[in-house]
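A short write-up of the structure that comes next.
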Amino acid sequence: MSFLVLKFGGSSVGTIARMGNVSSIIHNLLTRGHKVVVVVSAMHGVTNQLLELTKNFIDISSDRECDVVVSTGEQVTSGLLALSLKKIGVLAKSFQGWQVPVITETVFGEASIKSVNKDILIGAILEGIVPIVSGFQGISNRNDITTIGRGGSDATAVAIANALQADECFIYTDVDGVYTADPRIVLGACKLECISYSEMLEMSKKGSKVLQAKSVQIAQDNGVKLRVLSSFKDNDVGTAVGGGATKYPTKNAAIAGIANDMNSFMLKTNNKNFKKKSIPMTEIDEKTFVINKIHQNEVKNTVGEFDNDIGIVSVIGQDSINLNQRILKSLRNNKIVVKKIYSSDKSLSIVTPFQQTEIAVNILHKEFFE
Ligand code: ADP
Ligand code: ASP
Ligand code: MG
């Protein structure tokens, strides 16, 4: 018997039929004697629709009322999944962030989780009830509903797994693990058996949305064992995240994968106050910043040069910086324009024109993995 937190993402609960499938996964685990807490995302596409509704009135997403609106997607899923489970004879009860409660900072759109109260969830489990918790949302200590950033249900699941000291946190999604590149972009991408927290964190920060970066950070800080696996496939072990070193799929170099970010813009500015804005950004040199397009309207009045025609390809792994000459040669040989290069201790990132980014991902994947 294990104590598991299971998280189901948007496409895993995207239709009523998919919710039936998720109910069977939960039922099977219960039949095998496991205790479970479930965390759900909004049905596929719903959060985008809700955000679009707010745009009728406001062009930023960091307003208190935007969080009131966009958090509702998860409420619908949690209620529907609880009903679906009850229909097959499983006792289940939905919980919203404020009911647990999941306490966050008072920041709208990008709050971080400060704590999770485990008492209500433990109480439900002791009564034989499966708690179905709405991911992505929390409550601040000023009693405001907050959301914790796109893809945030991953972080809710990991924070709950940590609070409950669960044995493992299973992130069910529409791919069967973490791959050496986004399998939708690189057809020959290979599945990793296991990846270290630090390299997974770097993959996520550099755009691999299979796990939200904040969730990996919480897992790493607290030693929560994570596993990414498919809700569309039976009996698969997926990819283990943390709990050991990466098993590199290539013998030649310690490279875990190639990540890409197609959702950012670059801003070059002399404005000293610019960094005071409470939005996440990467400073790639003294004057140049990479910022997610979701925050574009918050900085639109900054004086500087905006470059929207970019995508970023990043080579992840402890050898990436030593291999910079090989990486650049391989891109230049294939006529990829390099707009900027920057690095961290576990990655080398290259800014390319938007149209060339997916090609660059494939070139670098071939260079290291094929
Ligand atoms: P969910 O709705 O379940 O949270 P997401 O869409 O957030 O799912 O994340 C899953 C997607 O992440 C996959 O469909 C895949 O296209 C993408 N992805 C990006 N990089 C990777 C990678 N390295 N390995 C696996 N999937 C990746
Ligand atoms: N529904 C939210 C989003 O689309 C959170 C999540 O899916 O994890 O970003
Ligand atoms: Mg996600």
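The values are calculated or read from the model by the stated rules, or taken from the named source; none is laboratory data. Values in this document were obtained by computation on a predicted structure and should not be read as measured data. Here the Cβ positions follow ideal geometry from the backbone for every residue, glycine too, while neighbour counts run over all protein chains shown. Each accessible area value is taken on the protein alone, full model and side chains, heavy atoms only, with ligands, DNA and RNA left out. Shrake-Rupley method; radii C 1.70, N 1.55, O 1.52, S 1.80 Å.
Rank these residues by their accessible area, most exposed first, probe 1.4 Å: 169, 190.
Result, largest first: 190, 169.
For the range 1-120, a simple Cβ point-charge model (Lys and Arg +1, Asp and Glu -1, everything else neutral) yields a dipole of about 800 debye relative to the Cα centre. Using the Cβ-Cβ distance between residue 287 and residue 355 with R0 set to 22 Å, the FRET efficiency from 1/(1 + (r/R0)^6) comes to roughly 0.30. Rounded to the nearest Hz, the phi-derived 3J(HN,Hα) couplings of the range 179-191 under the Karplus curve 6.51 cos²θ - 1.76 cosθ + 1.60 (θ = phi - 60°) are 9, 5, 6, 4, x, 7, 9, 10, 5, x, 4, 10, 6, where x marks glycine and proline.
Can you tell me which of 114-122, 170-178, 51-59 comes out highest on packing, and rank the rest after it, using the mean Cβ neighbours within 10 Å?
Working: 114-122: 15.1, 170-178: 23.4, 51-59: 11.8.
Sorting 114-122, 170-178, 51-59 by mean packing, highest first, produces 170-178, 114-122, 51-59.
Once both labels are positioned 7 Å from their Cα atoms along Cα-to-Cβ, the gap between residue 329 and residue 370 label points is 2.0 nm.
So between residue 245 and residue 271, what do we pick up on full extension, going 0.36 nm a residue minus the alpha carbon distance? Write out the running numbers ahead of the final one.
On the way: separation 26, 0.36 × 26 = 9.36 nm, distance 4.14 nm.
Using 0.36 nm per residue and subtracting the Cα-Cα distance, I get 5.2 nm.
Spacing of the modelled spin labels on residue 21 and residue 252, each 7 Å from Cα toward Cβ, amounts to 3.7 nm. The order of 67, 167 by accessible area, most exposed first and with a 1.4 Å probe, is 167, 67. When only the Cβ of Lys, Arg, Asp and Glu is charged (+1, +1, -1, -1), the dipole of the chain relative to its Cα centre reaches about 280 debye.
Give me the 1.4 Å probe accessible area per residue for the range 24-68, excluding ligands and nucleic acids, in Å².
That works out to 54 Å² for each residue.
May I ask you to work out the translational diffusion coefficient for the chain at 20 °C, viscosity 1.002 mPa s, via Stokes-Einstein with Rh from the Kirkwood sum over Cα pairs, reported in whole µm²/s? Spell out each step's value before the answer.
Details: Rh = 21.3 Å.
Approximately 101 µm²/s, per Stokes-Einstein.
Spin-label model, residue 48 to residue 142: label points 7 Å out along the Cα-to-beta-carbon direction sit 3.2 nm apart.
For a test of understanding, tell me how many lysine pairs in the range 1-140 have Cα atoms under 16 Å apart, given they are 8 or more places apart or on different chains. Numbers along the way, then the final one.
Numbers: 7/35; 7/93; 35/93; 35/118; 93/118.
For the range 1-140, qualifying lysine pairs total 5.
The HN-Hα couplings worked out from phi for the range 279-296 by the Karplus form 6.51 cos²θ - 1.76 cosθ + 1.60 (θ = phi - 60°) are 10, x, 7, 10, 8, 9, 8, 3, 10, 10, 10, 10, 9, 5, 4, 4, 9, 3 Hz, whole numbers, x standing for Gly and Pro. The fraction of accessible area contributed by carbon and sulfur in the chain is 50 percent, rounded to a whole number (1.4 Å probe; ligands and nucleic acids excluded). Among the DSSP helices (H) of the chain, those spanning at least 20 angstrom by Cα along their long axis with an average Kyte-Doolittle hydropathy of 0.5 or more are 16-31; this is a geometric and hydropathy rule only. With the charge dipole of the range 182-284 set up from +1 on Lys and Arg Cβ and -1 on Asp and Glu Cβ about the Cα centre, the Cα lying farthest toward the positive end among the listed residues 242, 229, 282 is that of 282. Among 18, 150, the sequence by solvent-accessible area, most first, with a 1.4 Å probe is 150, 18.
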